[in-house]
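A short write-up of the structure that comes next.
What follows draws every value from the coordinates through simple rules; no lab data is involved. Just so you know, these numbers come straight off a predicted model, no measurement behind them. Positions of Cβ are generated from backbone atoms using ideal geometry, with glycine treated the same way; all protein chains shown enter the neighbour counts.
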Amino acid sequence: MFRNFRSPPPNRNWKPIIKQFERAISKDGVVRRKDELLTYECDGLQAYRQRPAVVVLPRTTEEVAAAVKICHDNDIPWVARGAGTGLSGGALPVENCVLIVTARMKRILSVDLENQQVVVQPGVINNWVTQAVSGAGFYYAPDPSSQIICSIGGNVAENSGGVHCLKYGVTTNHVLGLKIVVPDGSIVDIGGPVREMPGYDLTGVFVGSEGTLGLATEVRLRILKTPEAICVLLADFATVEAAGEAVAAIIGAGIIPAGMEIMDNLSINAVEDVVATGCYPRDAEAVLLVELDGLQVEVKANKRRVTEICMEIGARNMTSASDPETRAKLWKGRKAAFAAAGHMSRNYFVQDGVIPRTKLAAILREIEALSDRSGYRIANVFHAGDGNLHPLILYDRTVEGAFEEVEQVGAEILKLCVEAGGSLSGEHGIGADKNCYMPQMFNETDLETMKCVRDAFNPKGLANPGKVFPTPRTCGEAASAQKLEQFKDAELF
Ligand SMILES: Cc1cc2nc3c(=O)[nH]c(=O)nc-3n(C[C@H](O)[C@H](O)[C@H](O)COP(=O)(O)OP(=O)(O)OC[C@H]3O[C@@H](n4cnc5c(N)ncnc54)[C@H](O)[C@@H]3O)c2cc1C
């Protein structure tokens, strides 16, 4: 797995180590009771569970550094955790590990409106950043649908995206600098208040590294001026293909909306059942949401053009909203789409893959065929402008073998994405969920090069071991032979 990683002894004497953590952090910042540890045994990918040996809850960079140093000196693997909403098992504990949770690191450290930046601790919740600066006419652009619960540290580690990332870019485009604790416990500053920094772009390397290079303890974020005008359009279509065609045509016309999202019929009905927006026609095969922003004059012109394009392609109806309340109502269903899936089915598995925008219609047809063959219903919600698909595969975990079958359906979807020239993940990361698929996208030399970067920061392999890269234990010969068998079966559905 890691060049220097040794599995931790299962019978470690934790007592003296706990004492060290209590001295470094505080007694109430160390969780050791089995029932309390249950809270931390999984992230949003609830099918994978592992109880950590200890949880620590530091409040400052120095406390994080002390905790990491104790792990380093005692060869203890550790995993960073923010809010635990990740969907790829990134914050899933490993056996006998320490989980370092940033839930108490919730301070906004500085706000510099003139230079359009804020510095926050990693446990700050995503939408607190916008709340802190919106009164002065600013906002923080990356807006995952989980923005009311997920942490900035988790966003940095996953390079999270959101509905407004089409025009403004994902998290990496908004992080100017970081204070990080690297796995030997040293505190390092990377990036800074100005964009043009000499040397390697270590901020770029760290963002998206999924907790394998260290733990971010301060994050310097770029904030943007709230646009003069915003308009949301909702177009409903008789086919998903037509909605996909409209996306390509809008971008082809030179318009870059702030966000462009599609939901299919299954998702439309789920959100209407749950949040009853009354805006999404239940008989539409797809709705397309387009948000336009900028100067008044520009938004007005683009609204006219987008409406024309959608109508030419066959939109049945168009609704638009410029005032904040109605705009929020139009977005409400999209933001609630994952939660609504939970009302359609006892369980669901969210996949996250990327395809070139132009292949939307073809891949959606293949996903539909896969759903028919496998017998699992698949609802589609996606960041259409980015080609980032989120098929939600509905199943019932109490049915024996269902989860394994659903994982294979998910694997088939990812295979389609990669074969179409896309990617294994748009925003949810690789974590423990997709590490075995990495060789589908990267050859051995590519992976070795990435591992060299990881090993430079994390030479003992103690920071989030077993994530991102395929490991012999989870993807080795025995594991892959078993997976291959299932895969063959999946093809015969
Ligand atoms: C309903 C729902 C909707 C979602 N919608 C979106 C969406 O639209 N877009 C999107 O991108 N994601 C989405 N997600 C996924 C998830 O919310 C994001 O990945 C988010 O960034 C995770 O943040 P977190 O604080 O929960 O991180 P966690 O789950 O706690 O951790 C995620 C990863 O970050 C690492 N980590 C956490 N904190 C730090 C730190 N300070 N330093 C270094 N590493 C750290 C962990 O080790 C782990 O690898 C959604 C999830 C749910 C449940």
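Remarks
- Measuring r between the beta carbons of MET311 and ALA229 and using R0 = 35 Å, the FRET efficiency lands at 0.95.
- Percent RCO, i.e. relative contact order, over the chain, from Cα pairs under 8 Å lying at least 6 residues apart: 15
- Across the range 209-358, Cα-Cα pairs more than 27 Å apart make up 31 percent of the total.
- Per-bin percent of Cα-Cα distances, the range 12-51 [10 Å]: 26, 42, 28, 4
- Residues of type lysines that LYS460 reaches as a straight line, Cα spacing below 22 Å, ignoring anything fewer than 8 places off in the same chain: LYS69, LYS179, LYS451
- One chain, two ends: ASP396 and GLN131. Fully extended at 0.36 nm per residue, the span grows by 91.6 nm beyond their Cα-Cα distance.
- If you sort the three axes of the alpha carbon gyration tensor as a ≥ b ≥ c, you get a/c under 1.5 for the range 1-107, which makes it rounded.
- Computed over the range 95-221, the Cα gyration tensor eigenvalues convert (square root of 5λ each) into semi-axes of 22, 17, 14 Å, ordered from largest to smallest.
- Relative contact order of the range 88-195, pairs being alpha-carbon contacts under 8 Å that are 6 or more residues apart, as %: 16
- Using only side-chain charges placed at the Cβ, +1 for Lys and Arg and -1 for Asp and Glu, the dipole size of the chain relative to its Cα centre rounds to 1540 debye.
- Computed E for LYS415/GLU41 - FRET, C-beta separation, R0 45 angstrom, nearest 0.05: 0.90
- Ordering of 176-189, 77-90, 434-447 by packing [mean C-beta count within 10 Å, highest first]: 77-90, 176-189, 434-447
- Given in Å, the Rg to one decimal and the Dmax to the nearest whole number for the Cα atoms of the chain are 22.8, 71.
- For the range 127-138, Karplus couplings with θ = phi - 60° (6.51, -1.76, 1.60), whole Hz, Gly/Pro x: 7, 5, 5, 4, 4, 6, 10, 5, x, 9, x, 10
- Residue ranges 269-277, 30-38, 350-358 sort as 350-358, 269-277, 30-38 when ordered by packing (mean number of other C-beta atoms within 10 Å per residue, highest first).
- Here's how it looks for ALA315: its modeled amide H is under 5 Å from none belonging to a residue 5 or more places away or on a different chain.
- Amide H to amide H, with H built 1.01 Å from N, ARG377 comes under 5 Å of LEU394, counting only residues 5 or more places away or on other chains.
- Members of LYS19/LYS106; LYS303/LYS332; LYS34/LYS434; LYS225/LYS303; LYS359/LYS467 lying beyond 27 Å, as alpha-carbon distances in this model show: LYS34/LYS434; LYS359/LYS467
- A simple packing score, the average count of other Cβ atoms within 10 Å per residue, orders the peptides 305-316, 375-386 as 375-386, 305-316, with the highest score first.
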